[in-house]
Amino acid sequence: MKYQLRNTILDMLLRIEKDSGFSHLLINNEIKSKRIPEKDEGLMTEIVYGTLQRKITLDYYLDRFVKNNKKMDQWVRMLLRMSLYQMVYLDKVPDHAIIHEAVEIAKQRGHKGISSLVNGVLRSAQRSGVPDTATIENPAKRLSVETSHPEWLVDRWIANYGYETAKAMCEANITRKLSSIRVQPMKITREKAIQLLTEQGFEVSKSAFSLQGIIVDKGNILNTALFRDGYVTIQDQSSMLVGEMLDAKPGMHILDGCSAPGGKVTHIAEKMQNEGMIHAYDLHSKKIKQVDDKAALLNLSIIDANPGDARELGKLHEKESFDRILIDAPCSGLGVIRGKPEIKYDKKEEDIQRLSVIQLDILENVAPLLKSNGLLIYSTCTVDVEENENVVKRFLANHLDFQVDEEFFETLPSDLKDSRGITENGLQLFPQDYQTDGFFLTRLKKIG
């Protein structure tokens, strides 16, 4: 591995930790900048994601070799983490090369004492190996360390779903998730897109979640003309399910209350064959451009995107104005840890309670805008009962003119009809079950 690449990786990891940057955005920006040779992109991505995914585990290992690990300079600790990650989990680079480059970076960024420390720690780990986590007696603590999830989160998932489901979820979050794309059906068929990608050396298959969905087993879709020219767009399969289940038809009047970055709303516009009107809002005005840009790339003209708080939309629209409403609510994001591993370290338990209040408030305020017999999808990219099941229960208790739409369960894709995540209030997708994000959705009907 080249010295420049190691330094770039270290800088990226520090930015994510210091500035709460999103790993996937920083990696994509680095790849687009072309500062890193194409042949190194995969290794860079693997080390950045891997070091973040395994941070608690790596710190547990480092504690064996470093006294006062927490008091160490941030960049030194991160350098040791990324180096130890490669030594323990990767076979691509020999240990001596990893140690040599780590020492060189330590010399360049620090002083002789730091480079000696880095050299000593990594050589000790090489000689004696890392400590065995099996000696941790408490099962939740052991799971926390082995899968690098905060202990409070492990405890919460065990309480919600039981130990085995929590364990499977934690283990899934430190594996690679398959990427997926959605075709723009007015520009290309799924079959034609699969044919073209296969001819280019991609390994792809059809998604069971959406007739527009394609799973990408191998290949970088960002480097294709299909992506650049708006014939396909990147979207997780679980998010595609929203567009499918909203049951939007051409000519309808639809509200998307929390729209950015635009994946779901553009899918809905495609289902409507670009006929009708969608009013799309997002609280953050800077993100509206993302919606507009995605719609333009996909040649969709029926989306009117504007900044706006979903809790205040009753001031902008008449009651019973919309045939369909989508509330993809702001949430803790605990279902997308595989793609954004930093989330699990940034969130706190009190965040979940705060968000559940906002989620219910949004539902309360958009409910009057739905027509009688209209449908409302409530979805989140989290796996927390408080933000999902409990929000829906509280909303239904306060609104006797709404009920969970029975046809929602009947019209789910066949692969999902027997999902263990189905309850009377909706569908919880777990990351370990379908190679998707952890995701919740339900469909409510206004019965008048």
Q | For ASP437, distant residues with modelled amide H under 5 Å away | A | GLN237, SER238
Q: Determine the calculated [θ] at 222 nm for the chain from helices alone, applying -39500 (n - 2.57) to every DSSP H run no shorter than 4 residues and normalising by the residue count; nearest 500 deg cm²/dmol.
A: -14000 deg cm²/dmol
Q. Hey, if we sort ARG176, ARG324, ARG123, ARG6 by accessible area with the 1.4 Å probe, largest down, what's the order?
A. ARG176, ARG123, ARG324, ARG6
Q. What is the set of long-range amide H partners of ILE174 at a cut-off below 5 Å, with H atoms built 1.01 Å from backbone N?
A. none
Q: Measure out, as a whole number of angstrom, how far apart the alpha-carbon centroids of region 385-436 and region 134-184 sit.
A: 21
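Taking the Cα centre of the chain as origin and charging only Cβ (+1 Lys, Arg; -1 Asp, Glu), how large is the dipole, in debye to the nearest 20?
Details: 60 positive and 64 negative charges, 362 e Å.
Dipole size: approximately 1740 debye.
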Q) For the chain, what is the accessible area per residue in Å², given a 1.4 Å probe and the full set of protein chains? A) 43
Q: Rounded to the nearest 10 degrees, what's the angle between the helix 95-109 long axis and the longest principal axis of the chain, both from Cα atoms, 0 to 90?
A: 90
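Once the mean 1/r over all distinct Cα pairs of region 49-164 is inverted, what Kirkwood radius in angstroms do you read off?
Working: mean 1/r = 0.0661 Å⁻¹.
It is 15.1 Å.
What full-extension length gain, to one decimal in nm, is calculated for ALA397 and ASN138 as 0.36 nm per residue of separation minus the Cα-Cα distance?
Details: separation 259, 0.36 × 259 = 93.24 nm, distance 3.90 nm.
In short, 89.3 nm is gained.
For region 270-420, take the convex hull of the Cα atoms, compute a quarter of its surface area, and give me that in nm², please.
Numbers: hull surface 42.9 nm².
Taking the Cα atoms of region 270-420, their convex hull projects to 10.7 nm² on average.
Where does region 171-232 land on Rg(C-alpha)/(2.2 N^0.38 Å)? The partial results should precede the final answer.
Numbers: Rg = 11.8 Å, N = 62, 2.2 N^0.38 = 10.6 Å.
Ratio of Cα Rg to 2.2 N^0.38 Å: 1.12.
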Q: With a bin width of 20 angstrom, please list the P(r) values of the chain as percents of all Cα-Cα pairs, from the 0 bin to the one holding the largest distance.
A: 23, 52, 22, 2
(Q) Give me the percent of accessible area attributable to carbon and sulfur for the chain, probe 1.4 angstrom. (A) 49
Q | Backbone HN-Hα couplings from phi across region 439-444 [Karplus 6.51/-1.76/1.60, Hz, Gly and Pro as x] | A | 7, 10, 8, 8, 10, 9
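Kindly give the semi-axes, whole Å and largest first, of the ellipsoid equivalent to region 158-265, taking each as the square root of 5 times a Cα gyration tensor eigenvalue. Each step should come with its number before you reach the end.
Working: eigenvalues 145, 98, 27 Å².
They are 27, 22, 12 Å, listed largest first.
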Q. Using a 1.4 angstrom probe with every protein chain in place, what is the largest-first accessible-area order of ASP415, ASP323, ASP304?
A. ASP415, ASP304, ASP323
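Please compute one quarter of the surface area of the Cα convex hull for region 347-448 and express it in square nanometres.
Working: hull surface 26.7 nm².
Seen from a random direction, the Cα hull of region 347-448 projects 6.7 nm² on average.
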Q: Compute the distribution of all C-alpha to C-alpha distances in region 101-141, in bins of 10 Å from 0, and list the percent of pairs in each, rounded to whole numbers.
A: 27, 31, 23, 18, 1
(Q) Using a 1.4 Å probe on the protein heavy atoms only, what accessible surface does ILE234 show? Give it in Å² to the nearest 10. (A) 80
Q | Centroid-to-centroid separation of region 60-92 and region 323-375 [C-alpha atoms, Å] | A | 36
Q: Could you state the orientation-averaged shadow area of the convex hull built on the Cα atoms of region 238-291, in nm² to one decimal?
A: 3.4
Q: Whenever you get a sec, line up TYR231, TYR85, TYR434 from highest to lowest accessible area (probe 1.4 Å, protein heavy atoms).
A: TYR231, TYR434, TYR85
Q. What are the residues whose amide H is under 5 Å from the amide H of MET252, where those residues sit 5 or more places off or on another chain and H is modelled from the backbone?
A. MET277
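Region 97-173: percent of C-alpha pairs farther apart than 17 Å?
Values: 1720 of 2926 pairs.
Distances greater than 17 Å cover 59 percent of the Cα pairs.
Quick one: plug the Kirkwood hydrodynamic radius of region 215-258 (C-alpha pairs) into Stokes-Einstein at 20 °C, 1.002 mPa s, and report D in µm²/s.
So the translational diffusion coefficient is about 165 µm²/s.
The values are calculated or read from the model by the stated rules, or taken from the named source; none is laboratory data. Note that this is a predicted model, so its numbers are computed, not measured. Backbone-built Cβ (ideal geometry, glycine too); neighbour counts: all protein chains shown. Side chains included, ligands, DNA and RNA excluded: accessible areas come from the protein's heavy atoms. Shrake-Rupley method; radii C 1.70, N 1.55, O 1.52, S 1.80 Å.
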